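What follows is a single structure, written as structure tokens, with notes after it.
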Amino acid sequence: LNDGQFELYYQPKILFSTGVIMGVEALIRWHHPIKGFVSPAEFIPLAEQTGIITKIDEWGLRTACRQCKQWQDMGLPPVKVSVNMSQAQFYRTDVISTVKNVLEETGLDPKWLEIEVTETMAMSDIERTVNILRGIRSMGISVSMDDFGSGYSSLNVLKDIDLDILKLDMRFLTTAMATNRSGTILSSIVRMAKWLSLPVIAEGVESMQQADYLKSIGCNYIQGFLYARPMPEGDFTTLLGRSTMGETRPSIHLIETLSADDFWNPES
């Protein structure tokens, strides 16, 4: 971290039917001068154990916001950047103040930032999660739930936490293609999200078969190797310069008069 060996790679989120970029996720990479690239699967768990993950998270947040503002200053189409947040950053620090300070330092409008939290992380302290995310969203920042469907409390997440976007766990995609039962569950999640006016992004999409299947059940936003691998800042800058931007939002609105309370009430 002190020697500047970390860098951010950027992976676009797209509307599958048109190829329009709806946003981009900033992903941390470690380029060691001797060992070369070190997998995040190796160094992130260690960083969490040692506690240095909070410093890495803050560096990633600041770097992503600074880069996003730089793209805008260059006259490139504005794009919303999403940043992952670790459980340590979320619960052991004053994350709201940190995010606010970073936005002030970089000059980035909050509407161009999205914070990603995982379902498992959010449910570890539901009351505190609700309060923190409420504070983040009050600044005009979007909040997405990453790896949705991977935990045991998915419905509680939707019931208790205010979200802007759902990201389907990529492990769901592999099983969904294999069994009708998994496919029914995945389709139901997408339909339920639409009832709640929540856009759904499927991550980890690697084949046209997966993309076509997702489109058939109404999930039009994808992120994965099928469209683009995570790329260095320079490559994404080039892509941004020749791309069309869009906004991530529910593709249709169903049962406009049904309130969230009625939706969760079995007697409704």
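The values are calculated or read from the model by the stated rules, or taken from the named source; none is laboratory data. Please read these numbers as outputs of a predicted model, since none were measured by experiment. All Cβ positions, glycine included, derive from the backbone under ideal geometry; neighbour counts span all protein chains shown. Just so you know, the surface numbers come from the protein's heavy atoms only, side chains and all, with ligands and any DNA or RNA stripped out. Shrake-Rupley method; radii C 1.70, N 1.55, O 1.52, S 1.80 Å.
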Residue count for the range 28-43, restricted to those that are part of a helix (DSSP H, G or I) and surrounded by fewer than 17 Cβ atoms within 10 Å (Cβ to Cβ): 3
Q5, sole failed condition from (1) farther than 27 Å from S243 by Cβ; (2) surrounded by 18 or more Cβ atoms within 10 Å (Cβ to Cβ): (2)
Verdict on S142 being modelled with pLDDT of 90 or more, of a type in the set (S, T, N, Q) and crowded, with 16+ Cβ neighbours inside 10 Å: yes
Filter pass, G151 being open to solvent by less than 70 Å² (accessible area, probe 1.4 Å), among the small types (G, A, S), at pLDDT below 70 and farther than 21 Å from Y213 by Cα: yes
Hits in the range 40-72 (condition: farther than 17 Å from E105 by Cα and under 19 Å from the mean Cα position of the chain (by Cα)): P40, A41, I44, I53, T54, I56
Close pairs from the range 222-241: first in a loop (DSSP other than H, G, I, E, B), partner charged (D, E, K, R) and at pLDDT below 95, Cβ under 7 Å, at least 6 apart: G224/E203; G224/E206; F225/E206; L226/E206
Residue within the range 115-129 that is out of contact with any helix residue (DSSP H, G or I) (no Cβ under 9 Å at 6 or more places or on another chain), of a type in the set (D, E, K, R), modelled with pLDDT of 95 or more and not in a loop (DSSP other than H, G, I, E, B) present: no
Test for E48: is it in contact with a helix residue (DSSP H, G or I) (Cβ under 7 Å, 6 or more places away or on another chain), part of a helix (DSSP H, G or I) and of a type in the set (D, E, K, R): yes
Residue among G107, G60 that is over 23 Å from I44 (Cβ atoms) and of a type in the set (G, A, S): G107
Residue ID - modelled with the lowest pLDDT, chosen from residues in the range 16-27 that are surrounded by 21 or more Cβ atoms within 10 Å (Cβ to Cβ) and of a type in the set (V, I, T): I21
The range 67-111, residues that are crowded, with 16+ Cβ neighbours inside 10 Å, of a type in the set (K, R) and free of Cβ contacts under 8 Å to residues at least 60 places away in the same chain: K69, K100
Scope the range 189-211; condition part of a helix (DSSP H, G or I), farther than 20 Å from Q11 by Cα and open to solvent by 50 Å² or more (accessible area, probe 1.4 Å); matching residues: R191, W195, Q209
Within the range 243-260, considering residues that are more than 27 Å from Q209 (Cα to Cα), open to solvent by 60 Å² or more (accessible area, probe 1.4 Å) and of a type outside the set (A, V, I, L, M, F, W, C), the one modelled with the lowest pLDDT: E256
